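The values are calculated or read from the model by the stated rules, or taken from the named source; none is laboratory data. Bear in mind the structure is a predicted one, so any value in this text is a computation, not a measurement. Counting neighbours? That spans all protein chains shown, and the Cβs are built from the backbone with ideal geometry, glycine included.
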Amino acid sequence: MSDVRKVVLAYSGGLDTSVILKWLQDTYGCEVITFTADIGQGEELEPAREKARRAGVKKIYIEDLREEFVRDYVFPMFRANTVYEGEYLLGTSIARPLIARRLVEIARRENADAISHGATGKGNDQVRFELGAYALMPNVRIIAPWREWDLLSRDRLLAYADANGIPVDFKKRSGEAPFSMDANLLHISYEGGVLEDPSREPPAKGMWRLTVPLEKAPGKPEDIELEFRNGDLVAIDGRRMKAHELLAELNQRAGRHGIGRLDLVENRYVGMKSRGCYETPGGTVLLRAHRAIESLTLDREVAHLKDDLMPRYASLIYNGYWWSPEREALQTLIDHTQRNVNGKVTLRLYKGNAIVVSRSSPDSLFDARISTFEDDQGAYDQADAGGFIKLNALRLRIAANKAANKAANKAANKAAARGGKATRPPAKSSKGASAAATGKATKSAPRKAARARNAGG
């Protein structure tokens, strides 16, 4: 008899997790508690409840976590302007710490022996789920079916479903839905099927649910105003909304202009390259606007420090270390920088582009008196630049003088060797070293210039 009495399963009601539910019951003889989260995937959750009930599940958790997802996970990530491998906005990665936390909380509440998930042994999600769970519940037992069973293909999953009376969506059976999809309020990802050939163009049908193709996008641009407070989006066109409502609105408005598509071959943490297609319309606009308001309100070196740290921060999220002490430390620094990131940004949405039109802030560090090309009334002393430049150029001048001195010595030695006479490097002095080192080149330069002028004239 198995020592596993209760398992909390992250359950969507789809083919994979429906098979996992039955497999857990058969393999471990345990009670399965299902947890289904609404994080904006755009699907009705009641069918999942009914499927779980028909499978004999007594305790069913279905929770609306959209606001928590955007407010406590998406927005903190965007304060850092987080982009993975230069392009990917981490729509899948950022959802996993929330799901892991709720699985652990429910397991504690129900006195369960284990948690389980549907992430494959090939994917990054198994890493993200499990690292998060171990961080929050060090002794938790995790059952990962894809690492234990032999149902390692769609055909085997379908056969198992048929043998056990598990209803299967016709599209799954017929192959009309060939993609592995992950959806939430931040993005939709598509993997598998024809996408496994990186040389093939993604199909025009069956994908791209959030965005229209550019040829069908409106021929007229649309302006949109985003308002920020402490680095977070708080209003669109003057309308204040909850965090998840703001992101949903951005998705709708950006999506109709074809903004936010990405086709990426990513370098997975598990050690493989994987091709995926992503839609992140609202996130694409949000990133552009947030950088625009930071350009006004952040000190230069603070902004550059954030840019230096961002790739490390992005890797932590991508690799599943949301609950790590280093991510929390970086978050503290990032949040500290956002105290004065307040103001409004206007963007123009048009044919796949989100173009910054204007930005304003009560905490702006922009000083037109200093930066103007007109008369600045003495606000900036042009002479100050001279010393600054010479100080910063000092290391370059020293290196150049050293190189010139070395070249002059080499040339002198060659000349001496041809004449059969030994030579010594020119004497150095604190004042005349540069001139002595570069004397030969300096003397010949006017003659060369004169010859060039004569040749051209």
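Here are a few things to note about the model shown:
- If you go through the stretch 279-310 and pick out every residue that is within 15 Å of the chain's Cα centre (by Cα) and in contact (Cβ under 8 Å) with a residue 60 or more places away in the chain, you end up with 16.
- Here residue 196 meets each of (1) out of contact with any strand residue (DSSP E or B) (no Cβ under 6 Å at 6 or more places or on another chain); (2) surrounded by 13 or more Cβ atoms within 10 Å (Cβ to Cβ); (3) farther than 18 Å from residue 89 by Cβ; (4) among the charged types (D, E, K, R) with one exception, condition (2).
- Evaluation of residue 185 against (1) in contact with an Asp or Glu (Cβ under 9 Å, 6 or more places away or on another chain); (2) in a loop (DSSP other than H, G, I, E, B); (3) buried (at least 18 other Cβ atoms within 10 Å of the Cβ) (one fails), failing number: (1)
- Every pair of residues 6+ apart whose Cβ atoms lie under 6 Å, when the first sits in the stretch 226-242 and is farther than 15 Å from residue 359 by Cβ and touching a residue at least 60 places away in the same chain (Cβ under 8 Å) while the second is acidic (Asp, Glu) and surrounded by 13 or more Cβ atoms within 10 Å (Cβ to Cβ): 242/67
For (1) of a type outside the set (A, V, I, L, M); (2) modelled with pLDDT under 95, each residue gets a yes or a no:
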site: 130; (1), (2): yes, no
site: 133; (1), (2): no, no
site: 167; (1), (2): yes, yes
site: 179; (1), (2): yes, yes
site: 187; (1), (2): yes, no
site: 202; (1), (2): yes, yes
site: 216; (1), (2): yes, no
site: 225; (1), (2): yes, no
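- Within the stretch 14-33, considering residues that are of a type in the set (Gly, Ala, Ser) and under 18 Å from residue 156 (Cα atoms), the one modelled with the highest pLDDT: 18
- Test result for residue 356, in contact (Cβ under 8 Å) with a residue 40 or more places away in the chain and assigned to a strand (DSSP E or B): yes
- Selected residue (criterion: farthest from residue 92 (Cα to Cα)) from residues of the stretch 312-350 that are without any contact (Cβ under 8 Å) to a residue 60 or more places away in the chain and exposed (fewer than 14 other Cβ atoms within 10 Å of the Cβ): 336
- Pairs with Cβ under 7 Å, 6+ apart, first in the stretch 399-419 and in contact (Cβ under 8 Å) with a residue 12 or more places away in the chain, second exposed (fewer than 14 other Cβ atoms within 10 Å of the Cβ) and β-branched (Val, Ile, Thr): 412/423
- Condition check for residue 252 on (1) surrounded by 15 or more Cβ atoms within 10 Å (Cβ to Cβ); (2) within 20 Å of residue 42 (Cα to Cα): one failure, at (1).
- Among (1) over 30 Å from residue 305 (Cα atoms); (2) free of Cβ contacts under 8 Å to residues at least 60 places away in the same chain; (3) under 35 Å from the mean Cα position of the chain (by Cα), the one test that residue 10 misses: (2)
- Qualifying residue in the stretch 124-143 (condition: part of a loop (DSSP other than H, G, I, E, B), within 30 Å of residue 306 (Cβ to Cβ) and either touching a residue at least 60 places away in the same chain (Cβ under 8 Å) or in the same structural domain as residue 10 (by TED's automatic domain parsing) (or both)): yes
- Scanning the stretch 54-63 finds no residues that are surrounded by 18 or more Cβ atoms within 10 Å (Cβ to Cβ), among the basic types (Lys, Arg) and touching a residue at least 40 places away in the same chain (Cβ under 8 Å).
So that you can scan it fast, the table gives a plain yes or no per residue for (1) of a type in the set (Phe, Trp, Tyr); (2) over 30 Å from residue 340 (Cβ atoms); (3) buried (at least 17 other Cβ atoms within 10 Å of the Cβ):
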{"position": "235", "(1), (2), (3)": "no, no, no"}
{"position": "240", "(1), (2), (3)": "no, no, no"}
{"position": "256", "(1), (2), (3)": "no, yes, yes"}
{"position": "268", "(1), (2), (3)": "no, yes, no"}
{"position": "274", "(1), (2), (3)": "no, yes, yes"}
{"position": "279", "(1), (2), (3)": "no, yes, yes"}
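- Exclusive hit being on the phi < 0 side of the Ramachandran plot, among the hydroxyl-bearing types (Ser, Thr, Tyr) and within 22 Å of the chain's Cα centre (by Cα), set 116, 199, 189: 189
- In the condition set (1) closer than 12 Å to residue 19 by Cβ; (2) crowded, with 17+ Cβ neighbours inside 10 Å; (3) at pLDDT 95 or above, residue 149 is compliant with all but (2).
- Exclusive hit being in contact with a helix residue (DSSP H, G or I) (Cβ under 6 Å, 6 or more places away or on another chain), part of a helix (DSSP H, G or I), surrounded by fewer than 20 Cβ atoms within 10 Å (Cβ to Cβ) and touching a residue at least 24 places away in the same chain (Cβ under 8 Å), set 71, 108, 96: 71
- Residues of the stretch 295-311 satisfying the condition of being crowded, with 20+ Cβ neighbours inside 10 Å and in contact with a Gly (Cβ under 8 Å, 6 or more places away or on another chain): 297
- Residue list for the stretch 223-269, restricted to those being under 15 Å from residue 67 (Cβ atoms) and not in a helix (DSSP H, G or I): 232, 233, 234, 240, 241, 242
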